[in-house]
1. Show the residue pairs meeting these rules: Cβ distance below 7 Å; 6+ apart or different chains; first residue within the stretch B:155-166 and free of Cβ contacts under 8 Å to residues at least 40 places away in the same chain and of a type in the set (S, T, Y); second residue buried (at least 16 other Cβ atoms within 10 Å of the Cβ) and not in a helix (DSSP H, G or I).
2. Does B:G303 meet the test of being surrounded by fewer than 24 Cβ atoms within 10 Å (Cβ to Cβ), of a type in the set (G, A, S) and part of a helix (DSSP H, G or I)?
3. Please verify whether C:A166 is at pLDDT below 95, part of a helix (DSSP H, G or I) and either away from every other protein chain (no Cβ under 14 Å) or surrounded by 17 or more Cβ atoms within 10 Å (Cβ to Cβ) (or both), treating the condition exactly as stated.
4. Could you give every pair whose Cβ atoms fall below 8 Å, whose first residue belongs to the stretch C:176-196 and is in contact (Cβ under 8 Å) with a residue 40 or more places away in the chain, and whose second residue is part of a loop (DSSP other than H, G, I, E, B) and surrounded by 24 or more Cβ atoms within 10 Å (Cβ to Cβ), counting only separations of at least 6 or pairs across chains?
5. Could you look through the stretch A:64-103, keep only residues that are part of a helix (DSSP H, G or I) and out of contact with any helix residue (DSSP H, G or I) (no Cβ under 7 Å at 6 or more places or on another chain), and pick out the one that is farthest from A:P28 (Cα to Cα)?
6. Taking only pairs six or more apart or across chains, which ones have beta-carbon atoms under 7 Å, a first residue in the stretch A:43-72 that is more than 14 Å from chain B (Cβ to nearest Cβ), and a second residue that is buried (at least 16 other Cβ atoms within 10 Å of the Cβ) and assigned to a loop (DSSP other than H, G, I, E, B)?
7. Does A:T137 qualify as being surrounded by fewer than 21 Cβ atoms within 10 Å (Cβ to Cβ), more than 13 Å from the chain's Cα centre (by Cα) and free of Cβ contacts under 8 Å to residues at least 24 places away in the same chain?
Amino acid sequence: MRDLVADNLTVALGGRPVLAGVSARFRPGEVTAVVGPNGAGKSTLLACLAGLRRPDAGRVSLDGEPILGLAPRQRARRIGFLPQTPEVAWAVDVETLVGLGRTPHSGAHGLSEADHAAVQAALVRTRMTGLARRDVTTLSGGERARALLARVLAGEPSWLLADEPLAGLDPGHQLDAVDLMRAFAAEPGHGVVMTLHDLGVALRLADRVLVLRDGALIADAAPLEALTPAVLERAYGVKAAIVSGAWGPLIELIGRVDD
Amino acid sequence: MTRRLLLLGGLGLLVLLLSGLSLMAGRVWVPWSAWTQAAQDPRWAIIFELRLPRTILAVAVGAALGLSGAVMQGYTRNPLADPGVMGVSSMAALGAVMTMYLSLSLATPWLLFAAAMIGAVVGVAVMLVLAGGTGGTITFILAGVILNTVASAGVALALSLAPSPWAAQEIINWLLGSLADRSADDVWRALPFIAIGSGLMLMLGRALDALTLGETGARALGIDLNLTRVLLAVGVGLASGASVAVTGMIGFVGLITPHLMRPLVGHQPGALLAPSAVAGAALVLAADILVRLTPSVAEVRLGVAMAAVGGPFFLALLISMRRRLA
Amino acid sequence: MTGLSRRAAVGAGLATGLLGGVANALALPRVISLNPCLDAVLVHVADRSQVAALSHYARDPQQSSIAKLALGYPITYESAEEVIALRPDVVLTAAHSSPATRAALQRLGIRTELFKVPNSWAENQEQIRRIARAAGHPARGETLIAQVEAAMAKGAPRPGARPITALVFQPNGFAAGHGTLVDEMMRRAGFVNVAQRYGLKKWGNVPLERLLDDPPEVLLAGQAAPNATTWAERILNHPALASISRRMTRAVFPERLLYCGGPGLVDTAAALAAARRQVLGAAA
């Protein structure tokens, strides 16, 4: 099976439990959204899934093998990770930035033909070919997000794990990004797991939703089954209702629940 | 890619030209007859025993420092970093100062070099212990600060407790950095370490490029940051430690050489490595030639000449940067 | 050509150069000195034609006791290149000069004589004799030693005279303590060096405060240079020193006498004797 499996993940930071026995199975072909309040452990979960953090207990497997048993290069070829606050330290041009995504594949002698081809393909998919020569530090927020997404796509991974990829983006750019990720997940053997704050996006555009609260998984199902008013109340302490809008279900916030 | 090779070729040619100039420059004019009548004319010794080792050392030390600067800036993602940030140069200086303080190098001249290298190795070891494992760049920089502080305090202590004013003067003169009167012995001692250290540093291009995306980004791209840190510490430690051991503290090169190369090569840290090495060699050579030709009394300190050569370029760079940002 | 035979060739070249180049007697070696203290001795024990070069410090009146004399001698800036070009037989170097230069000269097979800082008259005598031997005039070395001893005897106090407390005080409050040549000269001139009162071991800076708190009878003070602008030199003229002028006499002791032995000791003895006379009046 090409699944990405989290098995009883437990992580404690400074004595405080961040993940408490979280288990989940992610299948190719799906876009999974991980939601929950701040401090629920979403980023930590994603980092464990990407093999960037060693859990205190439990393990993550990819295609049946433990992910931490893979050589870093091997792991990086199969999992593309988009961090939450992506920093770009130097004023390189977009094409160079996207080229960095080929690092797990390239040798010490720069990019090969195949690498260049992958870079171009990624630039086309994210519609950044016109901006390829631009200095990254001069891009707008939306353009920058697309460039970073292109970087991940250039690595031709099987799994795309993104931590808050839509944060700070205009609605239009948010839709673009989600479309890209859905298209990626639709390809055979590919899957997407992303953490989100926007419940509306999760509801409308994810195939599966995981809800975390205080490090524990309180829902793991299709969006409408996961984001019920009861779950929302437990996770966020808000009263909400799921209503049918003209273009799909919407979450309507009613008010706070006095805890 | 061809543009890079063209640049490297051009810089290499510059180094070659400056080397030729370096063999000719000095207070003593050595005519061509000295070259042909090597056995009879002792001035041949000036070229062969003094200027040739000096030229080779200038190239080696300049390359080591330029390369170390590019590596440190790439690793810390800070364009103001230089090899001294790691604290290894100060530790090497401390080792050398101790031998001068104890007047040990009078009888055994190689002792100063050995003590400086021991200082450098201790510095690298302490650095790796303090900042190894799960430590990030911040811990690395802090460890460097600690080493710098301790070493500077040690040097200051040695200066204040110096047994005589001449001993203190000797220490100060050495610390100010100079290539004067270095011989083939110095070349044989320093070159292996500089070569090994530079070799290790040149392997870091891929990791430094990946660090453009930050530490998490680099790790996500499959870079082993622990290995990177070790290679960096040992590489910079050996190369800049050996440089300090033979010439004293030469500042400025490591800091400005990458800046001088960025307009020509771009900002990608890995691409800056080889050009910074060659450009550093050219810079130190040019400064050393200037030192030997200035008509002043004593030999102008190499660091001063460095500022004179590199300063104007740096100033022009700053002005153009300001214009861009304005 | 291996390294060894190359150096032999250089040595041979230097030897041939000597035989071909020197107009005077072949027996007398060509000498170069790289240190102002050694310059002063060399000038007194060697023929003018023997001295291939002095150090450039020899012409500095603040540091050298032969400043005017040195104008008539060639100088170097103590670099190995200049030394080699002058083809000397022996080079006089001091302990804290550039190690690289010394190593370069040794590597080229040029004979170097190393001299440490003399901390007593006995040590200094040995050095003078060594320099005189290196220059091929051992007798002149003895003459110089005799001159210094005569000056010391002239400046010595009457037997049984009370020793006077004194302190050397140079720019920045720099002073000499026990175990230095200056200290011995002071003792021979009838002074007690009280540097250790202020915490000094061999060399160090005396804080002005401590000096004011517990002044010696005589301050052997340096002279600020005519255009003294450095902070270090201003301290010599600090107004606070005037406040204790009744308890402490101020005598002149030029800075250059502090650093070298050799012929400068004649001036040292004279300066100390003058200081003693100044303190005691005619009853010295």
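1. B:S164/C:V117; B:S164/C:K202; B:S164/C:W203
2. Details: surrounded by fewer than 24 Cβ atoms within 10 Å (Cβ to Cβ): yes; of a type in the set (G, A, S): yes; part of a helix (DSSP H, G or I): yes.
When the stated conditions are applied, B:G303 passes them.
3. On the way: at pLDDT below 95: yes; part of a helix (DSSP H, G or I): no; either away from every other protein chain (no Cβ under 14 Å) or surrounded by 17 or more Cβ atoms within 10 Å (Cβ to Cβ) (or both): yes.
When the stated conditions are applied, C:A166 does not pass them.
4. What qualifies is C:L181/C:G261.
5. From the stretch A:64-103, those part of a helix (DSSP H, G or I) are A:67-69, A:72-78, A:94-100; that's our starting set.
Those left that are additionally out of contact with any helix residue (DSSP H, G or I) (no Cβ under 7 Å at 6 or more places or on another chain): A:68-69, A:72-74, A:77-78, A:96.
Numbers: A:L68: 20, A:G69: 21, A:P72: 22, A:R73: 21, A:Q74: 19, A:R77: 16, A:R78: 12, A:T96: 30 Å.
Applying the filter and picking the extreme gives A:T96.
6. Matching pairs, first to second residue: A:V60/A:G51; A:D63/A:R2.
7. Working: surrounded by fewer than 21 Cβ atoms within 10 Å (Cβ to Cβ): yes; more than 13 Å from the chain's Cα centre (by Cα): yes; free of Cβ contacts under 8 Å to residues at least 24 places away in the same chain: no.
It is false that A:T137 is surrounded by fewer than 21 Cβ atoms within 10 Å (Cβ to Cβ), more than 13 Å from the chain's Cα centre (by Cα) and free of Cβ contacts under 8 Å to residues at least 24 places away in the same chain.
Yes or no, residue by residue, for (1) surrounded by 21 or more Cβ atoms within 10 Å (Cβ to Cβ); (2) of a type in the set (K, R); (3) over 22 Å from A:R2 (Cα atoms):
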{"residue": "A:A162", "(1), (2), (3)": "yes, no, no"}
{"residue": "A:P165", "(1), (2), (3)": "yes, no, yes"}
{"residue": "A:H173", "(1), (2), (3)": "no, no, yes"}
{"residue": "A:D176", "(1), (2), (3)": "no, no, yes"}
{"residue": "A:V193", "(1), (2), (3)": "yes, no, no"}
{"residue": "A:D198", "(1), (2), (3)": "no, no, yes"}
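The values are calculated or read from the model by the stated rules, or taken from the named source; none is laboratory data. Since this is a predicted model, take the numbers as computed values, not measurements. Cβ atoms come from the backbone with ideal geometry, glycine included; neighbour counts cover every protein chain shown.
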